[in-house]
1. Within segment 123-147, which residues are among the small types (Gly, Ala, Ser) and without any contact (Cβ under 8 Å) to a residue 40 or more places away in the chain?
2. Which pairs do you get when a residue that is on the phi > 0 side of the Ramachandran plot, found in segment 95-122, comes within reach of a residue that is among the β-branched types (Val, Ile, Thr) and modelled with pLDDT of 95 or more, reach meaning Cβ atoms under 8 angstrom, with the pair 6+ apart or on two chains?
3. Taking TYR238, is it in contact with a Ser or Thr (Cβ under 6 Å, 6 or more places away or on another chain), aromatic (Phe, Trp, Tyr), in the same structural domain as PHE313 (by TED's automatic domain parsing) and closer than 30 Å to GLY317 by Cβ?
4. If THR47 satisfies every condition in (1) free of Cβ contacts under 8 Å to residues at least 60 places away in the same chain; (2) buried (at least 20 other Cβ atoms within 10 Å of the Cβ) but one, which is the exception?
5. Tell me yes or no: at least one residue of segment 261-269 is outside any strand (DSSP E or B) and closer than 21 Å to ALA120 by Cβ.
6. So THR111 passes all but one of these: (1) out of contact with any helix residue (DSSP H, G or I) (no Cβ under 8 Å at 6 or more places or on another chain); (2) under 29 Å from GLN32 (Cα atoms). Which condition number does it fail?
7. Counting residues that are of a type in the set (A, V, I, L, M), which strands (runs of 3 or more DSSP E) fully inside segment 1-106 reach at least 3?
8. Across segment 107-122, what is the number of residues that are within 15 Å of SER176 (Cα to Cα) and acidic (Asp, Glu)?
Amino acid sequence: MTYKVALNFEDGVTRVIDVDEDEKVTDAAFQQKINLPMDCRDGVCGTCKCRCEEGEYELEFYMDEAMTEDEAEDRYVLTCQMTVQSDCVISVPASSSVCKTAAEAVGGEITAVEKLSETAFGLKVRMDKAMSFLPGQYVNITVPGTDAHRSYSFSSAPGAEEGTFLIRNMPGGLMSGYLARAKPGDRVDLTGPMGAFYLRPITRPQLWLAGGTGLAPFLAMLEQASTSGSDHPITLYYAVTRAADLVELERVQDLAGKIGDVTVVTILAAADEDHERKGFVTDHVTAEELNGGDVDVYLCGPPPMVEAVRQHFNTLGVQPASFLFEKFNPTEAPAEAA
């Protein structure tokens, strides 16, 4: 049996390796040209100590000097003594460059570009090689005809040969300008995956907050949850300016129906729009939804939204068990890009 193990390096790069059930993680990584930190290889020095965030595993011999009992209970592992019993996610306390690796570069062919609204494009890319990633992570996509790249979260399921993306239509933006004239068959380069914003195991109620095209990583998370299931309720707030900006809503609702206990709440900011909920996320998220702090909050949106939500939690007097967020900024201001 072979499992997928995601190695998350401290510089944000993720590499996914194949590990046989009877193979040590350090050995598997080395065979795939990734040099995880190690010295003794015997469970003595502790050089290869990492933390397993997700998955099942076994540890063979190690000395107390290398890793304490408390660390082992907190899911720290010595990768030289670690064999896996499921797919795993491991945090490596070193940069990818130190481990003599880097983000994976994959070419791809555009299969479709759709202007979903005045504010968003949908992009589909058939990759030359399926890219493994954690739902919520992003890649850098090179703008064809330039040396510049832009960062976008996958909105597709991990491991699919066709990657999908939600891209904000930024007037004067380099990528936006390209997508307005792009056509199927065009070639693009993708580098990744990267980022610490990804879905952890669902062990408590979930509160997901998406601003505009910040919906993209949540689509990947919903895809994952529709396959693995969830024993806990998920509430997704999807906030945009106008009703026309509620792109991919049908897909969201379809995935929510497959998972089961998912509540989708839409919010419009424009004062002249007719909608059940108006304003901003902070006008509607209640202390009750924070469940006394027993909730995981994921947020993807512009920096002002992130800061507003932080302050809102302080005002409510409740802090979630975990609060993971991804801020996105346009690379170019319209005037600069014109």
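The values are calculated or read from the model by the stated rules, or taken from the named source; none is laboratory data. In this text the structure is predicted, and so the values were computed from the model without any measurement. Glycine also receives a Cβ, built like all others from the backbone with ideal geometry; neighbour counts cover every protein chain displayed.
1. Start the filter on segment 123-147 by keeping residues that are among the small types (Gly, Ala, Ser), which leaves 130, 132, 136, 145.
Selection gives ALA130, GLY145.
2. Taking only residues 6 or more apart or on different chains, the pairs are LYS100/ILE34.
3. Numbers: in contact with a Ser or Thr (Cβ under 6 Å, 6 or more places away or on another chain): yes; aromatic (Phe, Trp, Tyr): yes; in the same structural domain as PHE313 (by TED's automatic domain parsing): yes; closer than 30 Å to GLY317 by Cβ: yes.
Spelling it out, TYR238 is indeed in contact with a Ser or Thr (Cβ under 6 Å, 6 or more places away or on another chain), aromatic (Phe, Trp, Tyr), in the same structural domain as PHE313 (by TED's automatic domain parsing) and closer than 30 Å to GLY317 by Cβ.
4. Of (1) free of Cβ contacts under 8 Å to residues at least 60 places away in the same chain; (2) buried (at least 20 other Cβ atoms within 10 Å of the Cβ), only one is false for THR47: (2).
5. From segment 261-269, those outside any strand (DSSP E or B) are 261, 269; that's our starting set.
Still in the running and closer than 21 Å to ALA120 by Cβ: 269.
Yes, because at least one residue in segment 261-269 is outside any strand (DSSP E or B) and closer than 21 Å to ALA120 by Cβ.
6. Of (1) out of contact with any helix residue (DSSP H, G or I) (no Cβ under 8 Å at 6 or more places or on another chain); (2) under 29 Å from GLN32 (Cα atoms), only one is false for THR111: (2).
7. Details: elements: 2-9, 14-20, 49-54, 57-59, 76-78, 82-84, 88-92.
Because the criterion is at least 3 residues that are of a type in the set (A, V, I, L, M), the strands (runs of 3 or more DSSP E) in segment 1-106 that meet it are 2-9, 14-20, 88-92.
8. 2
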